[in-house]
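The values are calculated or read from the model by the stated rules, or taken from the named source; none is laboratory data. Just so you know, these numbers come straight off a predicted model, no measurement behind them. Cβ placement follows ideal geometry from the backbone for every residue including glycine, while neighbour counts extend to all protein chains displayed.
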Amino acid sequence: MIKTFDNEKHLSKNLALEILSKLKNKNKFVLGCPGGRSLKKTYYYLGTLSYKYKISLDKLTIIMMDEYVVKRKNEYLLINPKLHFSCVRFSKNIIKKLLNYKKNKKNSLKEYNILFPSVKKPNNYDKIIKSLGGIDLFLLASGSSDGHVAFNNAFSKINQKTHITKLSESTRRDNIKTFSNFKKINEVPKFGLTVGLKTISSLSKSAILVLSGIEKRQAFKKISSLKKFDKSWPASIIYSCKNKKIYIDKKVKI
């Protein structure tokens, strides 16, 4: 279940090839994607290798995991997608751009195939995913200090669907590292719109948790010490997923 690669480049390239081999002969493929740093190199290789091997991405649907929200007058609102830490912005400026490396219009990932939950009706996201036939592969990342997955904090409920949550301080501090333009924790929003742990475990056909680099050593130590889901470390939801794998590089081993 745990597969070790020499380095992040090797991990990312092999993961991209694995995804492309699944996608190649399908009429549609649904991929769950986190924003942030953990899978950025995988997105790069998905773009360059799909171009190299002439694999079209026009049938690919991306299920994004989360977005920051703010609370004003007891109403939750999505942040401006132009802000540097917006996950919507990341999906368009990073994921879409990387995946569409040298693609023509026909073979490219379409912007309308990058999906996000609605801040007004979060629960509808699970219904939309179900109507797509579920997520063929959910790529997961773990918070380095607290094991958050998407915006699911420690002690999130295992049966929770897509929802709005208050972010823990540890999750907000981790996100300062993810978005380097943050100067202090007060700049990080206190709320997030996120897929739930049940969304991940019940609507994915397979899942891969990716841990690479020295920063993820604590996360790997915790994950590898567990054998099943532990509510104190949300990324351990991987143990409740079907066809689960954990991909690491040698730097995460102590």
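Select from region 85-99 the residues that are surrounded by 17 or more Cβ atoms within 10 Å (Cβ to Cβ) and without any contact (Cβ under 8 Å) to a residue 12 or more places away in the chain and list them in ascending order. Scanning region 85-99 gives a single hit, Arg89. Can you say whether Lys24 is surrounded by fewer than 14 Cβ atoms within 10 Å (Cβ to Cβ) and in contact with a Gly (Cβ under 9 Å, 6 or more places away or on another chain), as far as the supplied structure shows? So Lys24 fails the test. Considering Lys106, Lys82, Lys102, Lys73, the condition of being surrounded by fewer than 13 Cβ atoms within 10 Å (Cβ to Cβ) and touching a Phe, Trp or Tyr at 6+ places or on another chain (Cβ under 6 Å) is satisfied by Lys102 alone. When Leu226 is tested against (1) without any contact (Cβ under 8 Å) to a residue 40 or more places away in the chain; (2) under 24 Å from Asn14 (Cβ atoms); (3) touching a helix residue (DSSP H, G or I) at 6+ places or on another chain (Cβ under 6 Å), only condition (2) is not met. Residue by residue through region 120-173, note down the ones that are in a helix (DSSP H, G or I) and in contact with an Asp or Glu (Cβ under 7 Å, 6 or more places away or on another chain). Matches in region 120-173: Ser170, Thr171.
Looking only at residues in region 43-70 that are surrounded by 15 or more Cβ atoms within 10 Å (Cβ to Cβ) and among the acidic types (Asp, Glu), the one that is nearest to Asn27 (Cα to Cα) is Asp66. So, in region 199-224, of the ones that are surrounded by fewer than 20 Cβ atoms within 10 Å (Cβ to Cβ) and in a loop (DSSP other than H, G, I, E, B), which residue ends up modelled with the lowest pLDDT? If we take residues in region 199-224 being surrounded by fewer than 20 Cβ atoms within 10 Å (Cβ to Cβ) and in a loop (DSSP other than H, G, I, E, B), then Gly213 is modelled with the lowest pLDDT. In a helix (DSSP H, G or I) and touching a strand residue (DSSP E or B) at 6+ places or on another chain (Cβ under 9 Å): is that true of Tyr43 in this structure? When the stated conditions are applied, Tyr43 passes them. Scanning for something surrounded by fewer than 16 Cβ atoms within 10 Å (Cβ to Cβ) and among the aromatic types (Phe, Trp, Tyr), does region 3-14 turn up at least one residue? Within region 3-14 (the criterion being surrounded by fewer than 16 Cβ atoms within 10 Å (Cβ to Cβ) and among the aromatic types (Phe, Trp, Tyr)), the answer is no, since none of the residues qualifies. So which pairs qualify, if the first residue must be in region 231-247 and within 12 Å of Met1 (Cα to Cα) and touching a residue at least 24 places away in the same chain (Cβ under 8 Å), the second must be among the β-branched types (Val, Ile, Thr) and not in a strand (DSSP E or B), the Cβ gap must be under 6 Å, and the two must be at least 6 apart or on different chains? Going by the 6 Å Cβ cut-off, the qualifying pairs are Lys244/Ile238. Within region 1-40, the set of residues being closer than 30 Å to Ile128 by Cβ, of a type in the set (S, T, N, Q) and part of a loop (DSSP other than H, G, I, E, B) comprises Asn25, Asn27, Ser38. Are any residues in region 95-116 of a type in the set (A, V, I, L, M, F, W, C) and out of contact with any Cys (no Cβ under 9 Å at 6 or more places or on another chain), and if so, which ones? If the condition is that a residue be of a type in the set (A, V, I, L, M, F, W, C) and out of contact with any Cys (no Cβ under 9 Å at 6 or more places or on another chain), then Leu98, Leu99, Leu109, Leu115 are the ones that fit. Is it true that some residue in region 59-78 is within 21 Å of Asn175 (Cβ to Cβ), without any contact (Cβ under 8 Å) to a residue 24 or more places away in the chain and of a type outside the set (Val, Ile, Thr)? Looking for residues that are within 21 Å of Asn175 (Cβ to Cβ), without any contact (Cβ under 8 Å) to a residue 24 or more places away in the chain and of a type outside the set (Val, Ile, Thr), one finds at least one in region 59-78, hence yes.
If you check Tyr101, Tyr51, which single one turns out to be of a type in the set (Ser, Thr, Tyr) and touching a helix residue (DSSP H, G or I) at 6+ places or on another chain (Cβ under 7 Å)?
Working: Tyr51 fails: touching a helix residue (DSSP H, G or I) at 6+ places or on another chain (Cβ under 7 Å).
Going through Tyr101, Tyr51 in turn, just one is of a type in the set (Ser, Thr, Tyr) and touching a helix residue (DSSP H, G or I) at 6+ places or on another chain (Cβ under 7 Å): Tyr101.
I want to confirm something. Restricting to region 174-197 and keeping residues that are β-branched (Val, Ile, Thr) and not in a helix (DSSP H, G or I), which single residue is farthest from the chain's Cα centre (by Cα)? Filtering first and then ranking leaves Val188.
Conditions tested, residue by residue: (1) free of Cβ contacts under 8 Å to residues at least 12 places away in the same chain; (2) among the acidic types (Asp, Glu); (3) crowded, with 18+ Cβ neighbours inside 10 Å.
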{"residue": "Lys127", "(1), (2), (3)": "yes, no, no"}
{"residue": "Phe151", "(1), (2), (3)": "no, no, yes"}
{"residue": "Thr162", "(1), (2), (3)": "no, no, yes"}
{"residue": "Thr165", "(1), (2), (3)": "no, no, yes"}
{"residue": "Asp174", "(1), (2), (3)": "no, yes, yes"}
{"residue": "Phe179", "(1), (2), (3)": "no, no, yes"}
{"residue": "Glu187", "(1), (2), (3)": "yes, yes, no"}
